[in-house]
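The block underneath contains the structure these notes are about, expressed in structure tokens.
The values are calculated or read from the model by the stated rules, or taken from the named source; none is laboratory data. Predicted, not measured: the structure shown is a model, and the values here were computed from it. Positions of Cβ are generated from backbone atoms using ideal geometry, with glycine treated the same way; all protein chains shown enter the neighbour counts.
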Amino acid sequence: MAPIAVGDKIPDGVLAYFDEENKLQQVSAHSLAAGKKIILFGVPGAFTPTCSMQHVPGFVEKAEELKGKGIDEIICISVNDPFVMKEWSKTYTNNKHVKFLADGSAKYTYALGLELDLSEKGLGIRSRRFALVCDNLEVKVANIEEGGSFEVSSAEEILKSLES
């Protein structure tokens with residue numbers, strides 16, 4: 001399947017997270033994005049070096065600035081289970097705006113056409129690194145990395161795209 005692109009409507013799918021009462025919840029992507037301007041960014045894995053030290057921190061640090069540009073939600077997804085995503089989110093003690101959602105079986109990642117086979121490295125199917133800006137489900141910006149790169153999907157690059 002071709003990767004999601006500008007002009008496409010994001011697919012619906014179910015993602016999981018733990019709420020404030022530590023109860024497992026499932027949410028549809030469309031319920032998160034319908035009628036809103038969101039950033040949906042994906043990472044190959046929780047606790048991995050680039051994801052943990054660069055990609056996520058950029059969105060945590062720039063969240064207020066992004067919200068000032070009209071962004072309603074900032075959502076991080078990874079092909080990890082909701083237990084891992086909950087623990088990973090706790091490592092960002094200054095996070096107020098980034099939601100961490102699990103795509104444990106990679107179903108949503110496949111629906112986006114952004115799967116990455118890292119089986120040779122012992123990691124199985126993961127997500128390509130990406131950042132999408134969606135307005136009422138329509139993709140307005142699709143910054144998708146090649147391989148293990150981290151060049152176009154950063155919070156800084158998304159901010160630039162919102163200014164143009």
- Task: Would you point out which residue out of 80, 136 is among the polar types (S, T, N, Q) and within 19 Å of residue 159 (Cα to Cα)?
- Result: 136
- Query: Which one is surrounded by the most Cβ atoms within 10 Å (Cβ to Cβ) among residues in the range 72-96 that are within 16 Å of residue 29 (Cα to Cα) and among the β-branched types (Val, Ile, Thr)?
  - Reply: 79
- Task: Output the number of the condition that residue 50 fails; it satisfies all remaining conditions of (1) hydroxyl-bearing (Ser, Thr, Tyr); (2) touching an Asp or Glu at 6+ places or on another chain (Cβ under 8 Å); (3) more than 20 Å from residue 30 (Cα to Cα).
- Result: (2)
- Message: Show the residue pairs meeting these rules: Cβ distance below 6 Å; 6+ apart or different chains; first residue within the range 59-72 and within 11 Å of residue 156 (Cα to Cα); second residue modelled with pLDDT of 95 or more.
- Response: 59/74; 59/98; 59/155; 62/155; 63/74; 63/97
- Note on the structure: When (1) surrounded by 18 or more Cβ atoms within 10 Å (Cβ to Cβ); (2) touching a Phe, Trp or Tyr at 6+ places or on another chain (Cβ under 9 Å) are applied to residue 141, the one that fails is (2)
- Note on the structure: Subset of the range 13-25, residues loosely packed, with under 15 Cβ neighbours inside 10 Å and assigned to a loop (DSSP other than H, G, I, E, B), comes to 19, 20, 21, 22, 23
- Task: Output the residue which, of all residues in the range 97-110 that are in contact with an Asp or Glu (Cβ under 8 Å, 6 or more places away or on another chain) and surrounded by fewer than 21 Cβ atoms within 10 Å (Cβ to Cβ), is nearest to residue 13 (Cα to Cα).
- Result: 106
- Task: Keeping to the range 26-57, report how many residues are closer than 24 Å to residue 145 by Cα, exposed (fewer than 12 other Cβ atoms within 10 Å of the Cβ) and touching a residue at least 12 places away in the same chain (Cβ under 8 Å).
- Result: 0
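Could you tell me which residue of the range 142-161 is farthest from the chain's Cα centre (by Cα), considering only residues that are of a type outside the set (Gly, Ala, Ser) and within 25 Å of residue 104 (Cα to Cα)?
Residue satisfying both the conditions and the ranking: 146.
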- Message: Exactly one condition in (1) under 15 Å from the mean Cα position of the chain (by Cα); (2) surrounded by fewer than 16 Cβ atoms within 10 Å (Cβ to Cβ) is false for residue 116; which is it?
- Response: (2)
- Can you spot a residue in the range 54-66 that is modelled with pLDDT of 95 or more, within 16 Å of residue 3 (Cβ to Cβ) and aliphatic (A, V, I, L, M)? no
